[in-house]
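The values are calculated or read from the model by the stated rules, or taken from the named source; none is laboratory data. Note that the structure is a prediction, hence the values are computed from the model and not measured. Neighbour counts are summed over all protein chains in view; Cβ atoms, including those assigned to glycine, are modelled from backbone coordinates with ideal geometry. Accessible surface is based on the protein model in full, side chains and every heavy atom, while ligands, DNA and RNA are left aside. Shrake-Rupley method; radii C 1.70, N 1.55, O 1.52, S 1.80 Å.
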Amino acid sequence: MSTEGTLRPVTTHRLAEMKSRGEKISMLTAYDYSMAKILDRAGIDIILIGDSAANVMAGYTTTVPMTLDKMIYHAQSVTRATERALVVVDMPFGTYQGNSKEALASAVRIMKETEAGAVKLEGGCEILESVDRILSAGIPVMGHLGLTPQSIHKYGTYAVRAKSDEEAQKLVEDAKLLEKAGCFGIVLEKIPASLAGRVAKELAIPIIGIGAGRYVDGQVLVAHDMLGINNEFSPRFLRRYANLADIMSEAFTNYIADVKSGNFPSDNEQY
Ligand code: KIV
């Protein structure tokens with residue numbers, strides 16, 4: 001799909017309208033200008049500057065080391081390329097938990113320095129004060145429940161979450177709290193499809209799933225994973241739409257061979 005003639009920017013209000021008319025919402029990550037430009041022109045609804053940049057861009061094993069300055073750098077690169085999609089920026093670990101004033105200061109920096117449209121925070125009742133304070137400043141907030149990668153050291157595993165009745169009940173309550181607070185949407189990560197479907201049905205705001213099945217209002221994936229740039233990560237929920245690692249590797253091998261043999265550059269490729 002081309003975006004020609006459809007450049008009306010996606011807002012949180014448009015996302016709500018999409019949910020009410022049953023139109024699914026598409027969301028992918030980007031961390032740099034070139035990727036964001038391709039994504040935006042393809043017609044994606046939401047671009048997420050995920051703190052998964054810690055994994056795919058920087059090679060960390062968790063998202064915990066990500067900093068606010070680095071998120072702002074990535075987000076600035078993305079917003080320079082984006083004309084249509086709503087740009088959402090992850091607030092990194094340690095910038096909003098336990099101190100709502102610091103949370104607001106972090107969110108204000110993101111909004112002022114990147115010109116993004118919203119921020120995303122991981123957690124439910126534990127971070128409600130921060131969510132409230134950020135929202136009261138007029139900054140749109142997206143929640144993130146289920147598998148919350150910033151809490152990896154608490155859980156010790158990236159296994160499916162909310163399989164027990166107790167955990168599922170807490171997730172539903174947290175989702176309702178976030179909606180009541182004023183969040184415009186929630187990402188649900190790696191939970192049973194039936195539970196995610198229940199949340200999407202009981203809440204009026206859009207619910208975007210990753211590994212949360214098909215009964216939700218939209219889907220998000222990490223672009224590097226669905227493009228097959230990183231082939232080391234293969235969870236069941238991931239559909240690969242390309243195998244760019246192979247394509248890039250072949251191009252690099254051919255380039256190296258051409259340089260070594262003197263085949264590149266040719267007469268036409270020099271001045
Ligand atoms: O950081 C990220 O990329 C995310 C998505 C997995 C939703 O939060």
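Some points to look at:
- If you check V78, V88 for being closer than 22 Å to A175 by Cβ and crowded, with 23+ Cβ neighbours inside 10 Å, only one passes: V88.
- Among the residues listed as E122, E115, the single one being under 21 Å from L15 (Cβ atoms), within 14 Å of the ligand (Cβ to nearest atom) and of a type in the set (D, E): E122
- When L188, L171 are checked against the criterion of being within 16 Å of the ligand (Cβ to nearest atom) and either of a type in the set (D, E, K, R) or outside any helix (DSSP H, G or I) (or both), a single residue qualifies: L188.
- Options K163, K180; residue that is among the basic types (K, R) and in a helix (DSSP H, G or I): K180
- From the list D225, D246, D258, the one residue that fits, being more than 26 Å from R21 (Cβ to Cβ) and surrounded by 19 or more Cβ atoms within 10 Å (Cβ to Cβ), is D225.
- Qualifying residue in region 42-55 (condition: open to solvent by 40 Å² or more (accessible area, probe 1.4 Å), within 13 Å of the ligand (Cβ to nearest atom), closer than 24 Å to V216 by Cβ and not in a loop (DSSP other than H, G, I, E, B)): yes
- Options M35, M27: the member that is in contact (Cβ under 8 Å) with a residue 60 or more places away in the chain, assigned to a helix (DSSP H, G or I) and within 15 Å of the ligand (Cβ to nearest atom): M35
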